[in-house]
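This report refers to the structure that appears directly beneath it.
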Amino acid sequence: MSITYLEAIREAQAKALADDPRVFIYGQDVGAFGGAFKATKNLAKEFPGRVLDAPISEDAMVGAAVGAAIEGMRPIIEMQFADFSTPGLNQIINQAASLFWRTQVPCPITIRLPSGGTSGGGPFHSQSMEAIYAHYPGLIVMTPATAEDAYSMLLEAVAIDDPVIFCEHKLLYYHCKAESLPTEAMPVGKARIARAGRDLTIVAYSAMVQDSLAAAEELAGEGSEIEVVDLRSIKPLDTDTVVASVARTGRLLCVGEAWPWGGVTAEVIARVATEGFGLLDAPPQRLNSKDTPIPYHPNLWTVHRPTVRSIGAAARNLLRM
Amino acid sequence: MLQTLESQDALQAALSFRERFVQGFRFMVLARLLDDKMASLYRGGKIHGGVFLGRGQEALSVALGLSLKPGDIFAPLIRDGAGRLAFGEPVLDAVRTYLGSVLGPMRGRDGNVHRGYPRRGLLPMISHLGAMISVVNGMLMARRFKKISGDVGAVSIGDGGTSTGAFHEALNQAAVEKLPLVLVVANNQFAYSTPNARQFACQSLVDKAVGYGVTGRMVDGTNLEACLITLGQAVADARQGGGPQLVVAELLRLCGHGEHDDAHYIAASLKASPAGRDCLQVAEEFLWRKAWADEEATKHFRQEAAQLVEEAVAKVQREPAPNPYRQNWCALASRHLSERFESCPPVQPL
C-alpha cells in the first residue's frame, strides 16, 4: 500500500484536527467540497464545525487566522493556489510576521500554498511564491519534496509557534508516493542528503528535488556521482549541510522552479560564496525558470521551467569547468 | 412622591447615563490633555516619528470605549486615545510608547499609536487600514470555537479606510459569520488631505450597511450624548446576537493628519459647520446646562487630568530606552528555528 503526497497532506490535517482541539481549517471550498485538490476530503464531515468554507477573501482569511491565533487557536489556511496568496500578502507579511516581534504574542498559523507549475496551469495557477515569503522576517517557509516530508512537516508546521508558509507542490500531489506515513522525521531546519555523490552538489527543494534526482541517475550512467541536497525548508535554510556537501564535491548547482531574481538559488549561492568560497573548484551555477510569466501551452511550459534534461545539461557543463 | 417600578428603572437609567456621561467627559479631557502634551513633546523634538491626535473624535471614541466591558475586544485606530483610556489603557502605556520606553507594551519596537496587548483584547494596529477588522473577526470566531459567548469585538476606522479591500473583505466576512462585531467609522471628512468627494461616491457611508447585510446607524460624532446612546445600542445589539453593526459618525478632524500637517486644506466653512464643533466643548456645555457638573467641577477635572499626564511624562522620561546591544534580534517565537547567522543573544527579561 502506498500513499500519495496529496493524501499525506490530507492525513496530516486529519491527525492535527484529531489530536488538537485548537486546530481548524479555513479556506475556499475546503468544507463539504473537500478543497479544489481534495486535500480536505471528508474532513468537514469527520470534524463538524472545524473545516470552514471562506468567502473569496484571502486578506480576511489570513487576518482572521491571526486573530484566532491570538486567542490560542492553531488555524490552517488553505489558499486555493499559491498564486492567490497575493491578495492576502499584507496580512501575512505585516500582520502575522510582525506580531511576535512587536508584542511577544506568538502567531501559530499555517498557510498552505498549492505551488508550482502543472501543464496547462498558465500564468496565475503555477507560481512558486516561497522567495517572497522567505524575504520577510518572522515567517517560516517549508518546501517538502516527498510524501513523507509533506506529512511530517505539515504536522510540525501546525505545532510551531510561528506563521508557517507551507509550499506544497501540485505536480507531486499524485505522482509522489510513500510506502507508509512516517512516525519519525528530521526536524524542520535540517536539509537532507537525498542522494550521496562526490563530483557535484545539486541543491534543490520541492518538486525540483525529484527532477534533480532523475538527472543524477542519468549522470550516474555516464560515470558522474552527483550529490543531491533537499533543503526541505528554505527558511530556515540549512547552510551547514549545503556547505558540507560542497566541501565534499567542490561544485555547486542550485535548482529552483521559481524565477531567478533574488530567489532561493541566489541566496544559497550567496551563502556558499560567503562561507565556503575556498571549497569551490568551479563557479557556482544556478538554474531557474525563465524570467517571464509562466506560459500556458505545454510546449512553452516544459521549456520555461528546469527539467530533468536541462538540469542534466547544466550539471554536465559544470562538471567540465 | 410614590415611584412606580417603571419610573424607578427610568430614574436608575438616567442616573447611570449621567454617570457615564460624566465619566466619558473626564476621559475626553484626559485624552485631549494627553494629546496636547504629546504634541508639545513632538514640537520640542522629544518624540521620534509622528504624533497623531484624536482632537474632535473624543466623544465618539470614548462612547465606544465605555460601551465595551472587560473581556471584549477593541481594535482602536489612530484617533482613539479617549476610547483606549475608557477601555482601560493606562496613560503610562501611551506615554511609554510615544517616548519609546523599554517598559512600555511595545518596548521601543513599535511606536506612537501602535500599541496594545493582544491577549488582553486591546490590539496594536498595523498601519495598513482595514487590516484590523478581520483580525477581530478571527478572535470572535475563536471564542465561538471555544463556546465563549457574550463578548463583542469593536473596530475603529475612518472614512478613508472604508475604501480599502481589507474593509470590504472583513465586513463581508463578519456578516457571513454573523459575528458580534461593531465597526465604527469616524467620517472626519478627510483621509489625510483627501476629501470625501474623492474617497467615495455613495450618498452616505452608512448606505454600505445594507449591501453587506448588516445593521447601519448614523450618529453626530460631535455630540457625546448621541454617541453614548448610539454606540451603547450598537454594542448591546451585537452582544445579544444581532450580528455586525456598522456605525457611521459625522465629525471633523480638528487637527492635521499628524502634528507634521497644518491641515491648511480644511476650509473655514467646514470648520464653522455643525460637524466642526469641538465635541469636548459641546459636552462641557451640556454638563453645565444639565447641572451635572458646574464650571468649578470641570475645571477640577482638567487639573486632575493635567496632573496625571505630567506625572506620567515625568516618570517615563526617566525610564530606559531600548539597548540595541541587549536586544533579542529574533523575529521568531521558535528561537531554535532562527538561523545561526542571525545569532540571537539570550532574551533579556522584561
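No lab work stands behind these numbers, since they all come straight from the coordinates. What you see is a predicted model; the values in this text were computed from it and never measured. Please note: Cβ atoms are built from the backbone with ideal geometry, for glycine as well, and neighbour counts cover all protein chains shown.
Annotations
- Selection count, segment A:277-302, where residues are part of a loop (DSSP other than H, G, I, E, B) and among the basic types (Lys, Arg): 1
- Apart from one condition, B:ARG144 fits all of (1) within 14 Å of another protein chain (Cβ to nearest Cβ); (2) charged (D, E, K, R); (3) within 15 Å of the chain's Cα centre (by Cα); the exception is (3).
- Hey, B:SER156 hydroxyl-bearing (Ser, Thr, Tyr), over 19 Å from the mean Cα position of the chain (by Cα) and more than 10 Å from chain A (Cβ to nearest Cβ) or not: no
- Checking each residue of segment B:118-139 against the condition of being among the hydroxyl-bearing types (Ser, Thr, Tyr), in contact with a strand residue (DSSP E or B) (Cβ under 8 Å, 6 or more places away or on another chain) and more than 7 Å from chain A (Cβ to nearest Cβ) gives no match.
- When B:ARG96 is tested against the conditions (1) within 30 Å of B:ARG326 (Cβ to Cβ); (2) outside any helix (DSSP H, G or I); (3) under 19 Å from the mean Cα position of the chain (by Cα), the lone failure is (2).
- The residues of segment B:185-243 that are hydroxyl-bearing (Ser, Thr, Tyr), surrounded by fewer than 17 Cβ atoms within 10 Å (Cβ to Cβ) and part of a loop (DSSP other than H, G, I, E, B), listed by number, are B:TYR192, B:SER193, B:SER204.
- Selection of segment B:149-181 for residues being of a type in the set (D, E, K, R) and buried (at least 24 other Cβ atoms within 10 Å of the Cβ) yields only B:GLU169.
- Once segment A:253-264 is narrowed to residues that are without any contact (Cβ under 8 Å) to a residue 60 or more places away in the chain and in contact with a strand residue (DSSP E or B) (Cβ under 9 Å, 6 or more places away or on another chain), the residue that is nearest to the other protein chains (Cβ to nearest Cβ) is A:CYS254.
- Matching residues, segment A:305-321, being assigned to a helix (DSSP H, G or I) and either surrounded by 19 or more Cβ atoms within 10 Å (Cβ to Cβ) or hydroxyl-bearing (Ser, Thr, Tyr) (or both): A:SER310, A:ILE311, A:GLY312, A:ALA314, A:ALA315, A:LEU318
- Test for A:VAL203: is it more than 14 Å from chain B (Cβ to nearest Cβ), closer than 30 Å to A:GLY122 by Cβ and touching a Cys at 6+ places or on another chain (Cβ under 6 Å): yes
- Long-range neighbours under 6 Å by Cβ, at least six apart or interchain, first residue more than 7 Å from chain B (Cβ to nearest Cβ) and within 18 Å of A:GLU156 (Cα to Cα) within segment A:60-83, second in a loop (DSSP other than H, G, I, E, B) and among the β-branched types (Val, Ile, Thr): A:ALA69/A:ILE109; A:PRO75/A:ILE109; A:GLU78/A:VAL30
- The conditions of being under 23 Å from the mean Cα position of the chain (by Cα) and closer than 30 Å to B:LYS178 by Cβ are not met by B:GLY276.
- Of the residues screened, A:VAL188 is one that is within 14 Å of chain B (Cβ to nearest Cβ), outside any helix (DSSP H, G or I) and crowded, with 22+ Cβ neighbours inside 10 Å.
- Just one of the listed residues (A:ALA64, A:ALA44) is aliphatic (A, V, I, L, M) and surrounded by fewer than 24 Cβ atoms within 10 Å (Cβ to Cβ), and it is A:ALA44.
- Evaluation of B:PRO118 against the conditions (1) over 26 Å from B:GLN307 (Cβ atoms); (2) surrounded by fewer than 24 Cβ atoms within 10 Å (Cβ to Cβ) shows that the sole unmet condition is (2).
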